[in-house]
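*Asks:* Sharing a structure below in structure tokens format, with a few things to ask.
What follows draws every value from the coordinates through simple rules; no lab data is involved. All values derive from a computational prediction rather than experimental measurement. With ideal geometry, Cβ positions are generated from the backbone for all residues, glycine too; neighbour counts draw on all protein chains shown.
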Ligand code: SF4
């Protein structure tokens with residue numbers, strides 16, 4: 001088997017940008033690369049400079065998460081001139097029925113034209129064409145490992161990733177779980193300080209929900225106002241088994257995008273059996289995101305049908321703290337009043353019945 005000349009070196013150093021799919025797949029990547037005896041360097045959490053630099057290199061129409069990714073790549077490369085590779089996976093399809101957004105399909109190609117970029121370490125996920133294990137073997141080959149070593153690393157990574165998902169389904173927040181992964185700590189839920197009186201489902205791509213710089217620490221704003229938050233990562237697995245058929249009476253359409261399908265599946269659950277588990281829904285979307293703006297309209301209609309309060313917030317690099325806080329506060333207040341009113345009405349109905 002052909003191997004690269006890295007076998008003679010001590011440890012290969014690979015930079016991982018803390019952006020985009022980092023918020024979804026980092027535990028898997030970390031385990032996989034560490035099992036392959038690779039040293040990982042992570043870019044710092046997003047900050048103003050990273051955003052500014054990303055915006056400078058991204059063309060105008062691009063969504064903010066991809067511009068931020070550019071910023072992270074450039075920061076990593078500048079701070080670590082000794083990097084052997086930069087890890088830029090190409091996510092095409094993780095299931096046979098749906099694709100990732102086209103921005104992910106072309107990511108390695110657009111990153112390699114940025115200035116001063118080292119070699120790209122690719123990891124292509126496209127189960128429509130080949131199993132993920134094949135990509136693990138290719139990755140292992142690139143860093144000088146045998147096929148068996150790569151397959152073992154892949155199995156370990158998948159095992160760890162399953163454990164990580166079980167932890168999220170127990171109720172852990174993604175940010176807490178990622179901190180444990182980074183520090184190599186066991187998965188343990190934090191002690192709950194207080195319980196909010198209302199509960200929201202927060203929807204959106206992981207990079208919008210868990211990058212606290214770009215979303216202006218949105219979840220903290222909700223928690224400060226006594227709101228409990230769940231995200232789709234916390235929901236049970238069975239919700240994501242059945243596809244969502246949009247407009248079944250008019251011939252039926254299936255969702256083309258992987259993540260948008262998951263959002264629609266969770267919405268369908270809360271429209272039916274999970275209706276009483278939440279008091280409202282907030283959808284954080286990026287400016288210029290085609291897939292999200294399509295489903296946002298559908299969600300809004302569904303929420304009207306079941307009477308669940310819904311708020312859509314569009315974020316970009318110019319989003320301001322004060323405007324966001326005002327919108328969140330008034331939404332929370334409206335939901336709280338609605339809940340109180342419903343409770344009063346239901347108590348009245350009960351007392352009339354018992355007369
Ligand atoms: S799904 Fe939307 S936000 Fe995400 S990369 Fe694609 S266009 Fe950007």
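*Asks:* For the chain, modelled as a GNM with alpha-carbon contacts under 10 angstrom, which of 259, 318, 72 fluctuates the most?
*Replies:* 318
*Asks:* Just to verify a number: FRET efficiency for residue 240 and residue 304, C-beta to C-beta distance, R0 = 41 Å, to 0.05?
*Replies:* Plugging the Cβ-Cβ distance into 1/(1 + (r/R0)^6) gives 0.95.
*Asks:* Express as a percent, rounded to the nearest 5, the fraction of DSSP beta bridges in the chain (both residues included) that run antiparallel.
*Replies:* 10 percent
*Asks:* How high is the relative contact order of the chain, in percent, counting Cα pairs under 8 Å that sit 6 or more residues apart?
*Replies:* So the answer I get is 16 percent.
*Asks:* Can you give me the C-alpha center-to-center distance between region 140-202 and region 252-330, rounded to a whole angstrom?
*Replies:* Cα centroid to Cα centroid, the span is 25 Å.
*Asks:* If you don't mind, another one. Evaluate 2.2 N^0.38 Å with N set to the residue count of region 5-169, then give the Cα radius of gyration divided by it.
*Replies:* My calculation over the Cα atoms of region 5-169 gives 1.02.
*Asks:* Using a Förster distance of 25 Å, how high is the FRET efficiency between residue 334 and residue 277, based on the Cβ-Cβ distance and rounded to 0.05?
*Replies:* 0.85
*Asks:* Take residue 152 and residue 106, extend 7 Å from each Cα along the Cα→Cβ direction, and tell me the distance between the two endpoints in nm.
*Replies:* 4.1 nm
*Asks:* If every alpha-carbon in the chain counts as one equal scatterer, what log10 I(q)/I(0) does Debye give at q = 0.08, 0.11 1/Å?
*Replies:* Those come out to -0.43, -0.80, one per q.
*Asks:* At 0.36 nm per residue, and after removing the present C-alpha to C-alpha distance, how many nm does the segment from residue 179 to residue 316 gain when stretched out fully?
*Replies:* Result: 46.8 nm gained on full extension.
*Asks:* So, in nm, how far is label residue 170 from label residue 96 when the simple model puts each one 7 Å beyond its Cα toward the Cβ?
*Replies:* Once both label points are built, they end up 3.4 nm from each other.
*Asks:* Now for a different question. Roughly what % of DSSP beta bridges within region 194-354 run antiparallel, to the nearest 5?
*Replies:* If we restrict to bridges inside region 194-354, about 10 percent are antiparallel.
*Asks:* Which values, in whole Å and largest first, are the semi-axes of the equivalent ellipsoid of region 194-354 obtained as the square root of 5 times each eigenvalue of the Cα gyration tensor?
*Replies:* In descending order, the three semi-axes are 26, 23, 14 Å.
*Asks:* Something else: Suppose the chain between residue 326 and residue 345 were pulled fully straight at 0.36 nm per residue; how much longer would it get relative to their current alpha carbon spacing?
*Replies:* 4.0 nm
*Asks:* Just want to confirm a number: the relative contact order over region 220-355, from Cα pairs under 8 angstrom separated by 6+ residues, in percent.
*Replies:* After rounding, I find 21 percent.
*Asks:* Also, I was wondering about something else. By counting other Cβ atoms within 10 Å of each Cβ, how are 343, 264 ranked from fewest to most?
*Replies:* Starting with the residue having the fewest Cβ neighbours, the order is 343, 264.
*Asks:* Can you tell me the relative contact order of region 5-169? Whole percent, Cα pairs under 8 Å, sequence separation 6 or more.
*Replies:* Contact order relative to length: 26 percent.
*Asks:* For the chain, what is the calculated [θ] at 222 nm in deg cm²/dmol (nearest 500), taking -39500 (n - 2.57) for each run of four or more DSSP H residues and dividing by its residue count?
*Replies:* -15000 deg cm²/dmol
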